[in-house]
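Input: a single structure, listed below in structure tokens.
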Amino acid sequence: MHTIPTQRTTDPMRLKQCHNFKDFRRLAKRRLPGPIFNYIDGAADDEITYRRNTAAFDDCDLVPNVLRGVADVDMSVTVLGQKLAMPVYCSPTALQRLFHHRGERAVAAAAAKYGTMFGVSSLGTVSLEEARRISDGPQVYQFYFHKDRGLNREMMARAKNAGVQAIMLTVDSIVGGNRERDKRTGFSIPFKLNLAGITQFAIKPAWAINYLTHERFRLPQLENHLKIGGALSISRYFTEMLDPSMSWDDVSDMMRDWGGQFCLKGVMSVEDAQRAAEIGCTGIVVSNHGGRQLDGSRTAFDQLSEIVDAVGDRIDVMMDGGAQRGTHVLKALSLGAKAVGLGRYYLFPLAAAGQAGVERALEIMRTEIERGMKLMGCTSIAQLTRKNLRFRQ
């Protein structure tokens, strides 16, 4: 297993003062220009779903057991044929080079150090091959369904050649969500900022210096098909290259071409979960894309139990969206999730301090989960059940 030396972006003492998600978010906000911070922090429309994603955990109480002998705790889980040392993973997210010059390199190395899964995005800023060289630990490759079927086959073949064991097809993003924060600043790739956005960059010169003095921004998975700085921007990528006609038959064809672990990300209904199981998917991620797509949609945590009841004995059911604490993860696992994906939870630490930030965030999460399991009277993930939960409603 290979790792990259920790890269420092912020004062180590200031990083040590970060004890939770909100601390990392504040530190990232100090460092990032407003348009980039709001790209991470923002969501669709009125951002109701974004807020509810975390608030939903508050409607559920943990009921602990005591005197269970919890000196040794096993936090490991197996998802998509890969063993994780703890039941959270770094969900695939786009454009990480914008947040810190090490980008996915930092996240992949941190995930490898903690023995958990790292998701490489098709809009990632390092190549699949390099991500695999950084870590030979658990990985998953996330991609979108393109109108060009040859491109889809090419991307899967490339992932297989790189040694990736699992594919994660995002199915809730056939069009981009209405992210009004980005519209207000003019954020886009390539940059086309309005005056307000330019001003925000001007008052954060350290970010610009860091960005301009390191390697150029790239999208290696797509650079032969998507020319950044040319006629096709990221927003037009979603409207022009992705195929809104994607169907279950298309997914079946892709699964047959891949011939291995295949997961759908963005499943929210029982009907879709059952269909995924019927056609042979090995996993699904119950997700509303962090509230960035359909505002007003149900939270993944609220929807989790009925999906687990429907298909949890046939496929790996994971969830993402809103988890900011170890106790949030324990609640999702108690409902039957096999693992919980983290997005903003590691992106803000990445922006604040690079690999050192992601490592500290994962260490905090690992410690919180271990502590929570001991306080719940559980020595393994399998012992977390719905008997330990009560819903206030």
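Derivation of every value follows stated rules applied to the coordinates shown; laboratory data play no part. Just so it is clear, the model here is predicted, and its values are computed rather than measured. Cβ atoms come from the backbone with ideal geometry, glycine included; neighbour counts cover every protein chain shown.
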* Which of the helices in the chain meet the span-like rule: DSSP H, Cα axial reach of 27 Å or more, Kyte-Doolittle mean at least -1.0? -> 344-376
* Specify the residue with the greatest mean-square fluctuation among Glu368, Glu359, Glu240, computed from a Gaussian network of the chain linking alpha-carbon atoms under 10 Å apart. => Glu240
* **Rounded to 5, the percent of DSSP beta bridges in the range 20-391 classed as antiparallel** => 20 percent
* Asked: Summing -39500 (n - 2.57) over the DSSP H runs of n ≥ 4 in the chain and dividing by its residue number, what mean residue ellipticity at 222 nm do you reach, to the nearest 500 deg cm²/dmol?
  -> -12500 deg cm²/dmol
* **Cα lying deepest toward the dipole's positive end in the chain, options Gly81, Phe145, Ala94, charges on Cβ** => Ala94
* aspartates and glutamates near Lys183 by alpha-carbon distance under 12 Å, same-chain residues fewer than 8 away left out - which ones? -> Asp45
* **Proximal lysines relative to Lys204, as straight alpha-carbon distance under 19 Å, when same-chain residues fewer than 8 apart are discounted** => Lys29, Lys192
* What are the ³J(HN,Hα) values, in whole Hz, obtained from phi via the Karplus relation 6.51 cos²θ - 1.76 cosθ + 1.60 with θ = phi - 60°, for each residue of the range 69-85 in sequence order, with x given for Gly and Pro? -> x, 10, 4, 10, 10, 9, 9, 6, 9, 10, 9, 6, x, 10, 8, 10, 6
* Asked: Suppose every K and R has +1 on its Cβ and every D and E has -1 on its Cβ; what is the size of the dipole of the range 20-391 about the Cα centre, in Debye to the nearest 20?
  -> 1320 debye
* Built amide H within the under 5 Å cut-off of Lys265, gap 5+ -> Leu169, Thr170, Val171, Val285
* **Difference of contour (0.36 nm per residue) and Cα-Cα distance, Leu67 to Lys147** => 23.0 nm
* To do: Return a whole-number percent for the relative contact order of the range 20-391, with Cα pairs under 8 Å and 6 or more residues apart as the contact set.
  => 29 percent
* Structure fact -> Rounded to the nearest Å, the spacing of the alpha-carbon centers of the range 19-36 and the range 251-320 is 31 Å
* Asked: How many nm separate the modelled label positions at Trp248 and Glu223, each set 7 Å beyond the Cα in the direction of the Cβ?
  -> 4.0 nm
* Asked: How large is ³J(HN,Hα) for each residue in the range 379-393, as worked out from phi by the Karplus curve 6.51 cos²θ - 1.76 cosθ + 1.60 (θ = phi - 60°), to whole Hz, x for Gly and Pro?
  -> 9, 8, 4, 4, 7, 7, 9, 5, 4, 8, 10, 9, 9, 5, 5
